[in-house]
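Inspection log for the structure reproduced underneath, given as structure tokens.
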Amino acid sequence: EAQVTQNPRYLITVTGKKLTVTCSQNMNHEYMSWYRQDPGLGLRQIYYSMNVEVTDKGDVPEGYKVSRKEKRNFPLILESPSPNQTSLYFCASSSDRGEGANVLTFGAGSRLTVL
Amino acid sequence: AQTVTQSQPEMSVQEAETVTLSCTYDTSESDYYLFWYKQPPSRQMILVIRQEAYKQQNATENRFSVNFQKAAKSFSLKISDSQLGDAAMYFCAYRRDMNSGYSTLTFGKGTMLLVSP
């Protein structure tokens, strides 16, 4: 089954304790992206990647890092989490050409709480 | 920068009735895609319908249809014969055509749809 898999789905952590949210897709997609969702703000893009070793900032990148060492994986790293990073996070992917280029497939979401 | 505006934070509809959710967007591009995503309580993002800007015909998917007015930059979603399972947050989203180069998916802030029996 074609899918985007995120882990963990739920996490409660404390301020300053580094954490990584993993994202993996099995569709050989070039494009991958991270979004955060907050009440009243919709979804906002954190980082995106056009391909292996190619990443760039989205609209709200502060406090986050990403890496794209393999095509299928795009982890989101919070080096020193703070309470304002408490949010629902989504990973998404798409092809970068052709008919499927414009349709994102989303993961199930990761609910992160930073105390 | 592209913006997407959903002016209705919340809408209500009775089962079997029809409801329309509004969305407007701002862009200077000519080639782009518009989407409606549904987010039920499970939080999963589910694609409901999409519209290619170059197509004049409005997209339909079963009970879901859109009214795409390119000149007015309007993209409303009509849900016919509403069902209890339609209750969810609905997001309108815009994306410039990826075949023209990189583009991000820009979301509106969402409309919560309540469905009553």
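The values are calculated or read from the model by the stated rules, or taken from the named source; none is laboratory data. All figures in this text were calculated on a predicted structure; none of them were measured in a lab. Every residue, glycine as well, gets a Cβ built from its backbone with ideal geometry; the counts of neighbours run over all protein chains shown.
Quick notes
- The one condition from (1) within 14 Å of chain B (Cβ to nearest Cβ); (2) in contact with a strand residue (DSSP E or B) (Cβ under 6 Å, 6 or more places away or on another chain) that A:N73 does not meet is (1).
- Within the range A:36-55, residues that are touching a residue at least 40 places away in the same chain (Cβ under 8 Å) sit with their Cβ atoms under 8 Å from residues that are among the aromatic types (F, W, Y) and surrounded by fewer than 17 Cβ atoms within 10 Å (Cβ to Cβ), at 6+ positions apart or across chains, in these pairs: A:M50/B:Y102.
- The set of residues in the range B:47-71 being surrounded by 13 or more Cβ atoms within 10 Å (Cβ to Cβ), of a type outside the set (S, T, N, Q) and touching a strand residue (DSSP E or B) at 6+ places or on another chain (Cβ under 8 Å) consists of B:L47, B:V48, B:I49, B:R50, B:E52, B:A53, B:A59, B:R63, B:F64, B:V66, B:F68.
- Per-region count, the range B:53-98, residues part of a strand (DSSP E or B) and over 15 Å from the mean Cα position of the chain (by Cα): 1
- Residue match in the range B:8-18 (condition: assigned to a loop (DSSP other than H, G, I, E, B), in contact with a Leu (Cβ under 8 Å, 6 or more places away or on another chain), within 11 Å of chain A (Cβ to nearest Cβ) and charged (D, E, K, R)): no
- When the range A:63-83 is filtered for residues that are surrounded by fewer than 17 Cβ atoms within 10 Å (Cβ to Cβ) and either free of Cβ contacts under 8 Å to residues at least 12 places away in the same chain or aliphatic (A, V, I, L, M) (or both), only A:I77 remains.
- Count of residues meeting criterion [surrounded by fewer than 17 Cβ atoms within 10 Å (Cβ to Cβ) and of a type in the set (A, V, I, L, M, F, W, C)] in the range B:16-34: 1
- Test: residue in the range B:74-90 that is surrounded by 20 or more Cβ atoms within 10 Å (Cβ to Cβ), in contact with a Pro (Cβ under 6 Å, 6 or more places away or on another chain) and either modelled with pLDDT of 95 or more or among the hydroxyl-bearing types (S, T, Y) (or both): yes
- Note on the range A:96-115: among residues that are more than 8 Å from every other protein chain (Cβ to nearest Cβ) and not hydrophobic (A, V, I, L, M, F, W, C), the one that is surrounded by the most Cβ atoms within 10 Å (Cβ to Cβ) is A:G107.
- Subset of the range B:15-50 that is basic (K, R) and touching a residue at least 12 places away in the same chain (Cβ under 8 Å) - its residue that is nearest to B:Q69 (Cα to Cα): B:R50
- Number of residues in the range A:39-70 that are more than 10 Å from every other protein chain (Cβ to nearest Cβ), of a type in the set (D, E, K, R) and outside any loop (DSSP other than H, G, I, E, B) equals 2.
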